[in-house]
Amino acid sequence: MRDTAIQTPDRAKVGFISLGCPKALVDSERILTQLRIEGYDITPQYEDAGVVIVNTCGFIDAAKEESLETIGEAIRENGRVLVTGCMGRGDDADAIRARHPKVLGISGPAAYEEVLSTVREVLPQHHQPNPHLDLIPAQGVKLTPRHYAYLKISEGCNHRCRFCIIPSLRGDLVSRPIGSVMSEAEGLVRAGVRELLVVSQDTSAYGIDLKYQTDFWHGRPLKSNLESLASALSELGVWVRFHYVYPYPHVDKLIPMMAAGKLLPYIDMPLQHGARSVLERMKRPAAAEKTLDRIAKWRDICPDLSIRSTFIVGYPGETEEEFESLLTFIDRAQLDRVGCFQYSPVKGAAANELPNPIPEATKAARWDRFMALQQSISAAKLQRKIGSTQTILIDQVTEDGAIGRTFADAPEIDGVVHLPDITDFSPGDLVEAEISAADDYDLWV
Ligand code: SF4
């Protein structure tokens, strides 16, 4: 469990375990902030907690199993457990009740008020919060290091990709008005954040549900759309990184801002496959876009652009020919950072009904071929950085040296830069250094 708050006596104490993706992490931060506002203390010790909240992940079966095991551990160690998050709905909630009948309550993702009201019920708080003594940082409780933060701009998704159950867990797209996003971003920067990571299920769709309505930030009218958001965030003077962007035409408008140094030249764009027929069977957004042409155009405008993506091999019905067109795609796309998953059925996903499942051995063999090709592409790209001078954001300093990242690397998912024997920096510092070595994933100065 993570230590997230100062301990003071006489308060009801809550334990908190946060699992899953950055979007779930933002939900955890909201719940923790509200608990602190109501005077609860957060404890990292099972034995001190009056109740333990587990924020679960239900994205794939392995994540569900980890969630179920974590709930089991919390019940063994503490006994009073509330469950929330992506597993808190439908069949998954039934599975939790069946395996852990002692849980005190279950709620779904982003169900902040439901979690809070159950905590109030099972662990009444007698400490009256005093606004002069119980200081909550203006930016709320953060689970990320002080120098970077996730900025969630919307919840839910209007797409219905066949392998994904997120829309059934989190509902349709609900965007936050741009004024509220900008006020949060500004508060984070004021509190010392040096990198904002924009997250959602579908960042390109930001504002569609609001019909791009005009909202206000410091009295200035701004449209709630991706371009205005990017432009306003670029005024804050910190690194701004966009995740979960699909290659729609309007994303083109961000590229000149990246080329001008206003936004990090980085796009996290989950493509999932390179064969249009597979993308159509997946019901992927932007399946019909000419993605390779778009990437080439973006690189003409912004040659430094770094693209991260994820792919699935072994989707039901994937033929050898389709798989080979995926290999051709990644060879031509020359992406910088790539994750690859072997398709595995997720309970409740429409893809489970598709014919021609791929044998496990074929999936594994295709994954190996995919990874071998992509590794050589990523490694060659890193080799080309040797001798260049890069701006590095320091993440961590130990007695052996510092670890940081360049614009091309998002925290947790991409590579790092090692700065051996350099100890006179602090996390959040930006330093310029020449790259002297590289391996398949990381760089050294
Ligand atoms: S875009 Fe597709 S994969 Fe992503 S959350 Fe929406 S339905 Fe799921």
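The values are calculated or read from the model by the stated rules, or taken from the named source; none is laboratory data. All of these numbers come straight from a predicted model, not from anything done at the bench. Cβ placement follows ideal geometry from the backbone for every residue including glycine, while neighbour counts extend to all protein chains displayed.
Quick rundown of the values:
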item	result
Candidates S309, S228 - the one that is assigned to a helix (DSSP H, G or I), touching a strand residue (DSSP E or B) at 6+ places or on another chain (Cβ under 9 Å) and farther than 22 Å from L354 by Cα	S228
Options F370, F407: the member that is among the aromatic types (F, W, Y), closer than 30 Å to L188 by Cβ and either surrounded by 16 or more Cβ atoms within 10 Å (Cβ to Cβ) or out of contact with any Cys (no Cβ under 8 Å at 6 or more places or on another chain) (or both)	F407
Subset of the range 143-155 (residues that are surrounded by fewer than 22 Cβ atoms within 10 Å (Cβ to Cβ) and part of a loop (DSSP other than H, G, I, E, B))	L143, T144, P145, R146, H147
Single condition K152 does not satisfy, out of (1) basic (K, R); (2) assigned by TED's automatic domain parsing to the domain that holds A185; (3) more than 9 Å from the ligand (Cβ to nearest atom); (4) at pLDDT below 90	(4)
Some residue of the range 269-278 being assigned to a helix (DSSP H, G or I) and crowded, with 21+ Cβ neighbours inside 10 Å	yes
Residue in the range 127-134 that is at pLDDT 75 or above and either within 16 Å of the ligand (Cβ to nearest atom) or within 25 Å of A49 (Cα to Cα) (or both) present	no
Pairs, first in contact (Cβ under 8 Å) with a residue 40 or more places away in the chain in the range 259-271, second among the charged types (D, E, K, R), C-beta under 6 Å, six or more apart	L264/R241; P265/D304; Y266/R241; D268/R308
Total residues in the range 107-125, condition in contact (Cβ under 8 Å) with a residue 60 or more places away in the chain and over 17 Å from E38 (Cα atoms)	3
Looking only at the range 279-288, and only at residues there that are within 14 Å of the ligand (Cβ to nearest atom) and part of a loop (DSSP other than H, G, I, E, B), the one that is surrounded by the fewest Cβ atoms within 10 Å (Cβ to Cβ)	K283
Top-ranked residue of the range 238-260 - restricted to ones that are touching a helix residue (DSSP H, G or I) at 6+ places or on another chain (Cβ under 7 Å) and part of a loop (DSSP other than H, G, I, E, B), ranked as farthest from the ligand (Cβ to nearest atom)	V238
Hey, R162 touching a strand residue (DSSP E or B) at 6+ places or on another chain (Cβ under 8 Å), at negative phi and within 15 Å of the ligand (Cβ to nearest atom) or not	no
Every pair of residues 6+ apart whose Cβ atoms lie under 8 Å, when the first sits in the range 283-294 and is on the phi > 0 side of the Ramachandran plot and in the same structural domain as L305 (by TED's automatic domain parsing) while the second is assigned to a loop (DSSP other than H, G, I, E, B) and near the ligand (Cβ under 10 Å from one of its atoms)	K283/H159; K283/R160; K283/C161; K283/R162; A286/Y246
Residue under evaluation S309, criteria (1) farther than 20 Å from A205 by Cβ; (2) within 16 Å of the ligand (Cβ to nearest atom); (3) of a type in the set (S, T, Y), criterion not met	(1)
Residue identified as over 18 Å from C21 (Cα atoms), away from the ligand (no atom under 16 Å from the Cβ), small (G, A, S) and modelled with pLDDT of 95 or more among S183, S224	S224
Single match in K283, K253, K262 (criterion: more than 22 Å from Q201 (Cβ to Cβ) and of a type in the set (K, R))	K262
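Residue by residue, here is whether (1) in contact with a Pro (Cβ under 8 Å, 6 or more places away or on another chain); (2) not acidic (D, E) holds:
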position: S183; (1), (2): no, yes
position: L188; (1), (2): no, yes
position: R194; (1), (2): no, yes
position: V199; (1), (2): yes, yes
position: D202; (1), (2): yes, no
position: T214; (1), (2): yes, yes
position: K223; (1), (2): no, yes
position: A230; (1), (2): no, yes
position: F242; (1), (2): no, yes
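So that you can scan it fast, the table gives a plain yes or no per residue for (1) in contact with a Cys (Cβ under 9 Å, 6 or more places away or on another chain); (2) at positive phi; (3) assigned by TED's automatic domain parsing to the domain that holds L116; (4) modelled with pLDDT of 85 or more:
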{"residue": "Q7", "(1), (2), (3), (4)": "no, no, no, no"}
{"residue": "I17", "(1), (2), (3), (4)": "no, no, yes, yes"}
{"residue": "A24", "(1), (2), (3), (4)": "yes, no, yes, yes"}
{"residue": "D27", "(1), (2), (3), (4)": "no, no, yes, yes"}
{"residue": "L32", "(1), (2), (3), (4)": "no, no, yes, yes"}
{"residue": "N55", "(1), (2), (3), (4)": "yes, no, yes, yes"}
{"residue": "A63", "(1), (2), (3), (4)": "yes, no, yes, yes"}
{"residue": "I71", "(1), (2), (3), (4)": "no, no, yes, yes"}
{"residue": "R89", "(1), (2), (3), (4)": "no, no, yes, no"}
